Amino acid sequence: DGGITQSPKYLFRKEGQNVTLSCEQNLNHDAMYWYRQDPGQGLRLIYYSQIVNDFQKGDIAEGYSVSREKKESFPLTVTSAQKNPTAFYLCASTAGSYEQYFGPGTRLTVT
Amino acid sequence: RKEVEQDPGPFNVPEGATVAFNCTYSNSASQSFFWYRQDCRKEPKLLMSVYSSGNEDGRFTAQLNRASQYISLLIRDSKLSDSATYLCAVNPGGSNTGKLIFGQGTTLQVKP
(Lines give C-alpha, C1' and ligand atoms only; values in the text may rest on other atoms or scores of the structure.)
Protein backbone atom coordinates (compact mmCIF):
# COMPACT_ATOMS: atom_id res chain seq x y z
CA ASP A 1 0.00 0.00 0.00
CA GLY A 2 1.64 3.22 -1.16
CA GLY A 3 1.09 6.39 0.80
CA ILE A 4 2.18 8.90 3.37
CA THR A 5 2.10 8.09 7.05
CA GLN A 6 2.32 10.49 9.96
CA SER A 7 2.65 9.57 13.56
CA PRO A 8 1.36 9.97 16.10
CA LYS A 9 -2.19 11.05 15.26
CA TYR A 10 -2.53 13.00 18.52
CA LEU A 11 0.32 14.40 20.59
CA PHE A 12 0.23 16.24 23.88
CA ARG A 13 3.19 18.09 25.30
CA LYS A 14 4.02 20.52 28.04
CA GLU A 15 5.18 24.00 27.16
CA GLY A 16 8.96 24.24 26.88
CA GLN A 17 9.45 20.75 25.45
CA ASN A 18 10.66 20.02 21.95
CA VAL A 19 8.62 17.46 20.02
CA THR A 20 9.31 15.63 16.76
CA LEU A 21 6.56 14.70 14.30
CA SER A 22 7.17 11.83 11.93
CA CYS A 23 6.41 11.79 8.20
CA GLU A 24 7.22 8.80 5.98
CA GLN A 25 6.30 8.14 2.35
CA ASN A 26 6.81 5.11 0.12
CA LEU A 27 5.66 6.82 -3.08
CA ASN A 28 9.22 7.48 -4.22
CA HIS A 29 8.39 11.19 -4.31
CA ASP A 30 11.28 13.62 -4.39
CA ALA A 31 9.68 16.64 -2.73
CA MET A 32 8.12 16.78 0.72
CA TYR A 33 6.38 19.58 2.58
CA TRP A 34 5.22 20.46 6.09
CA TYR A 35 2.16 22.62 6.68
CA ARG A 36 0.38 23.91 9.70
CA GLN A 37 -3.39 24.43 9.83
CA ASP A 38 -5.17 26.42 12.52
CA PRO A 39 -8.97 26.28 13.03
CA GLY A 40 -10.83 27.95 10.18
CA GLN A 41 -7.59 28.67 8.37
CA GLY A 42 -5.90 27.46 5.24
CA LEU A 43 -2.59 25.65 5.18
CA ARG A 44 0.61 27.56 5.86
CA LEU A 45 3.96 26.22 4.65
CA ILE A 46 6.58 25.60 7.33
CA TYR A 47 9.44 23.86 5.49
CA TYR A 48 9.92 21.96 2.27
CA SER A 49 12.54 19.72 0.74
CA GLN A 50 13.03 18.94 -2.93
CA ILE A 51 15.89 16.48 -2.56
CA VAL A 52 17.69 14.53 0.14
CA ASN A 53 19.96 16.59 2.40
CA ASP A 54 18.42 19.86 1.26
CA PHE A 55 15.48 21.86 2.59
CA GLN A 56 14.16 25.42 2.54
CA LYS A 57 12.15 27.58 4.89
CA GLY A 58 8.55 28.23 4.09
CA ASP A 59 6.44 31.15 5.23
CA ILE A 60 6.38 30.33 8.96
CA ALA A 61 9.64 28.47 9.72
CA GLU A 62 10.47 30.23 12.99
CA GLY A 63 10.45 27.81 15.91
CA TYR A 64 10.60 24.71 13.70
CA SER A 65 13.41 22.55 12.32
CA VAL A 66 13.56 19.66 9.84
CA SER A 67 15.95 17.13 8.40
CA ARG A 68 15.94 15.10 5.18
CA GLU A 69 18.49 12.33 5.56
CA LYS A 70 16.46 9.82 3.56
CA LYS A 71 14.15 10.26 0.60
CA GLU A 72 11.32 8.54 2.46
CA SER A 73 11.47 10.55 5.66
CA PHE A 74 11.01 14.24 6.55
CA PRO A 75 10.60 14.69 10.32
CA LEU A 76 9.55 18.04 11.78
CA THR A 77 10.70 19.24 15.20
CA VAL A 78 8.56 21.79 16.97
CA THR A 79 10.90 23.57 19.34
CA SER A 80 10.17 25.45 22.54
CA ALA A 81 10.84 28.66 20.57
CA GLN A 82 7.58 28.22 18.65
CA LYS A 83 5.23 30.66 20.37
CA ASN A 84 1.93 29.02 19.50
CA PRO A 85 2.59 25.37 18.60
CA THR A 86 -0.91 23.94 19.11
CA ALA A 87 -2.18 23.13 15.61
CA PHE A 88 -2.90 20.43 13.04
CA TYR A 89 0.33 19.50 11.23
CA LEU A 90 0.17 18.06 7.73
CA CYS A 91 2.91 16.49 5.68
CA ALA A 92 2.66 16.25 1.90
CA SER A 93 4.73 14.95 -0.98
CA THR A 94 4.80 15.32 -4.72
CA ALA A 95 6.50 13.64 -7.65
CA GLY A 96 7.05 16.97 -9.34
CA SER A 97 3.74 17.65 -11.05
CA TYR A 98 2.74 20.12 -8.31
CA GLU A 99 -0.09 17.79 -7.22
CA GLN A 100 0.56 17.31 -3.53
CA TYR A 101 -0.69 14.33 -1.57
CA PHE A 102 -1.17 14.56 2.16
CA GLY A 103 -0.65 12.30 5.12
CA PRO A 104 -3.39 11.97 7.77
CA GLY A 105 -1.89 14.69 9.95
CA THR A 106 -0.83 15.04 13.58
CA ARG A 107 -2.82 17.11 16.06
CA LEU A 108 -0.41 18.68 18.51
CA THR A 109 -1.64 20.19 21.74
CA VAL A 110 0.80 22.06 23.96
CA THR A 111 -0.32 23.13 27.42
CA ARG B 1 -4.33 41.38 -0.28
CA LYS B 2 -3.92 37.64 0.28
CA GLU B 3 -2.26 35.70 -2.52
CA VAL B 4 -5.15 33.24 -2.69
CA GLU B 5 -8.62 34.14 -1.44
CA GLN B 6 -11.82 32.21 -0.96
CA ASP B 7 -15.20 33.08 0.50
CA PRO B 8 -15.24 30.99 3.69
CA GLY B 9 -19.04 30.56 3.54
CA PRO B 10 -20.71 28.47 4.78
CA PHE B 11 -22.72 27.73 1.70
CA ASN B 12 -25.92 25.98 2.79
CA VAL B 13 -27.71 24.29 -0.11
CA PRO B 14 -30.45 21.64 -0.44
CA GLU B 15 -29.74 18.24 -1.90
CA GLY B 16 -29.84 18.33 -5.68
CA ALA B 17 -28.82 21.97 -5.94
CA THR B 18 -26.02 23.32 -8.08
CA VAL B 19 -23.41 25.33 -6.22
CA ALA B 20 -20.32 27.17 -7.37
CA PHE B 21 -17.27 28.47 -5.53
CA ASN B 22 -14.65 30.90 -6.74
CA CYS B 23 -11.04 31.34 -5.72
CA THR B 24 -9.05 34.42 -6.70
CA TYR B 25 -5.28 34.60 -6.96
CA SER B 26 -3.08 37.67 -7.09
CA ASN B 27 0.01 36.47 -8.98
CA SER B 28 -0.59 36.58 -12.72
CA ALA B 29 2.41 34.26 -13.22
CA SER B 30 0.63 31.42 -11.40
CA GLN B 31 0.87 28.22 -13.36
CA SER B 32 -0.92 25.33 -11.72
CA PHE B 33 -4.25 25.24 -9.93
CA PHE B 34 -6.00 22.63 -7.83
CA TRP B 35 -9.12 21.98 -5.80
CA TYR B 36 -8.87 19.91 -2.64
CA ARG B 37 -11.63 18.55 -0.44
CA GLN B 38 -11.13 18.46 3.33
CA ASP B 39 -13.49 16.67 5.67
CA CYS B 40 -13.71 17.73 9.30
CA ARG B 41 -10.49 16.93 11.18
CA LYS B 42 -9.03 15.06 8.19
CA GLU B 43 -6.32 15.77 5.68
CA PRO B 44 -7.04 17.53 2.37
CA LYS B 45 -7.57 15.17 -0.56
CA LEU B 46 -6.95 16.19 -4.14
CA LEU B 47 -10.29 16.63 -5.89
CA MET B 48 -9.13 17.83 -9.28
CA SER B 49 -6.55 19.78 -11.17
CA VAL B 50 -7.68 22.85 -13.09
CA TYR B 51 -6.52 23.09 -16.67
CA SER B 52 -6.71 26.05 -19.02
CA SER B 53 -9.38 24.22 -20.99
CA GLY B 54 -11.37 23.38 -17.90
CA ASN B 55 -11.79 20.00 -16.27
CA GLU B 56 -14.88 17.90 -15.62
CA ASP B 57 -15.20 14.82 -13.43
CA GLY B 58 -18.74 13.58 -13.04
CA ARG B 59 -20.75 16.19 -11.16
CA PHE B 60 -17.71 18.40 -10.64
CA THR B 61 -16.45 21.00 -13.10
CA ALA B 62 -13.42 23.22 -12.58
CA GLN B 63 -12.58 26.23 -14.71
CA LEU B 64 -9.75 28.74 -14.95
CA ASN B 65 -10.22 32.39 -15.88
CA ARG B 66 -6.73 33.83 -16.37
CA ALA B 67 -7.96 37.27 -17.42
CA SER B 68 -9.78 37.79 -14.13
CA GLN B 69 -7.38 35.60 -12.14
CA TYR B 70 -9.76 33.16 -10.57
CA ILE B 71 -10.63 29.50 -10.64
CA SER B 72 -14.06 28.06 -10.01
CA LEU B 73 -15.57 24.78 -8.87
CA LEU B 74 -19.10 23.85 -9.87
CA ILE B 75 -20.92 21.00 -8.16
CA ARG B 76 -24.11 19.76 -9.80
CA ASP B 77 -26.81 17.66 -8.15
CA SER B 78 -25.33 18.14 -4.65
CA LYS B 79 -25.28 15.12 -2.36
CA LEU B 80 -25.22 15.08 1.44
CA SER B 81 -21.78 13.50 1.13
CA ASP B 82 -20.47 16.61 -0.65
CA SER B 83 -20.57 18.47 2.67
CA ALA B 84 -16.96 19.43 3.35
CA THR B 85 -14.50 22.30 3.09
CA TYR B 86 -13.12 22.94 -0.38
CA LEU B 87 -9.63 24.38 -0.58
CA CYS B 88 -8.11 25.90 -3.68
CA ALA B 89 -4.36 25.75 -4.19
CA VAL B 90 -2.18 27.71 -6.58
CA ASN B 91 1.43 27.26 -7.65
CA PRO B 92 2.71 30.82 -7.75
CA GLY B 93 5.08 30.24 -10.64
CA GLY B 94 8.43 31.88 -11.16
CA SER B 95 10.33 28.98 -9.59
CA ASN B 96 10.41 25.22 -9.72
CA THR B 97 9.86 24.50 -6.04
CA GLY B 98 6.47 22.86 -6.38
CA LYS B 99 5.16 25.13 -3.65
CA LEU B 100 1.43 25.60 -3.37
CA ILE B 101 -0.39 28.47 -1.72
CA PHE B 102 -3.73 27.48 -0.25
CA GLY B 103 -6.87 29.49 0.26
CA GLN B 104 -8.58 29.32 3.63
CA GLY B 105 -11.31 27.11 2.23
CA THR B 106 -15.03 27.34 1.51
CA THR B 107 -17.39 25.31 3.67
CA LEU B 108 -20.30 23.57 1.98
CA GLN B 109 -23.25 22.15 3.91
CA VAL B 110 -25.73 20.14 1.86
CA LYS B 111 -29.06 19.77 3.66
CA PRO B 112 -31.70 17.06 3.12
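The values are calculated or read from the model by the stated rules, or taken from the named source; none is laboratory data. Because the structure is a prediction, the values reported are computed rather than measured. Cβ: placed from backbone, ideal geometry, glycine included. Neighbour counts: every protein chain shown. Note: accessible area is taken over every heavy atom of the protein model, side chains too, but ligands, DNA and RNA are not part of it. Shrake-Rupley method; radii C 1.70, N 1.55, O 1.52, S 1.80 Å.
See the values below:
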| read-out | value |
| --- | --- |
| For A:S80, residues with placed amide H under 5 Å, excluding near neighbours | A:N18 |
| Full-extension gain in nm, A:K9 to A:N28, via 0.36 nm per residue minus C-alpha separation | 4.6 nm |
| Most mobile listed residue (B:T61, B:T97, B:T18) in chain B, GNM with C-alpha springs under 10 Å | B:T97 |
| Within straight-line cross-link reach of A:K14, lysines at Cα separation under 18 Å, skipping those fewer than 8 residues along the same chain | A:K83 |
| Cys with no candidate disulfide partner in chain B (beta-carbon separation under 4.7 Å rule) | B:C40 |
| Residues whose placed amide H lies under 5 Å from that of B:Q109, excluding near-sequence neighbours | B:F11, B:N12, B:V13 |
| Rounded to 5, the percent of DSSP beta bridges in chain B classed as antiparallel | 90 |
| HN-Hα J in Hz across the range A:45-52 - Karplus 6.51, -1.76, 1.60, θ = phi - 60°, x for Gly and Pro | 7, 9, 8, 8, 9, 9, 8, 4 |
| Amide proton proximity set for A:G105, modelled H, under 5 Å, gap of 5+ | A:Q6, A:C91 |
| Cβ-Cβ FRET estimate between B:L80 and B:S28, R0 fixed at 35 Å, reported to 0.05 | 0.35 |
| Exposed GluC sites (Glu not before Pro) absent: longest stretch of chain A, with sites in DSSP loops and at most 13 other Cβ within 10 Å deemed exposed | A:16-61 |
| Qualifying trypsin sites (Lys or Arg not before Pro) for the range B:48-85 [loop in DSSP, other Cβ within 10 Å: at most 12] | B:R66, B:K79 |
| Computed magnitude of the charge dipole of chain B (debye, nearest 20; Cβ of K, R +1, Cβ of D, E -1) | 160 |
| Accessible surface of A:V19 - all protein chains present, 1.4 Å probe, nearest 10 Å² | 10 |
| Protein accessible surface hidden between A and B, which excludes ligands and nucleic acids, total in Å², probe 1.4 Å | 1800 |
| Label-point gap, in nm, between B:Y51 and A:K70 - each point 7 angstrom along Cα→Cβ | 3.8 |
| Most fluctuating residue given options B:G98, B:G54, B:G16, as computed from a GNM of chain B linking Cα atoms under 10 Å | B:G98 |
| For the range A:56-71, Karplus couplings with θ = phi - 60° (6.51, -1.76, 1.60), whole Hz, Gly/Pro x | 10, 6, x, 7, 9, 6, 4, x, 10, 9, 9, 9, 9, 7, 10, 4 |
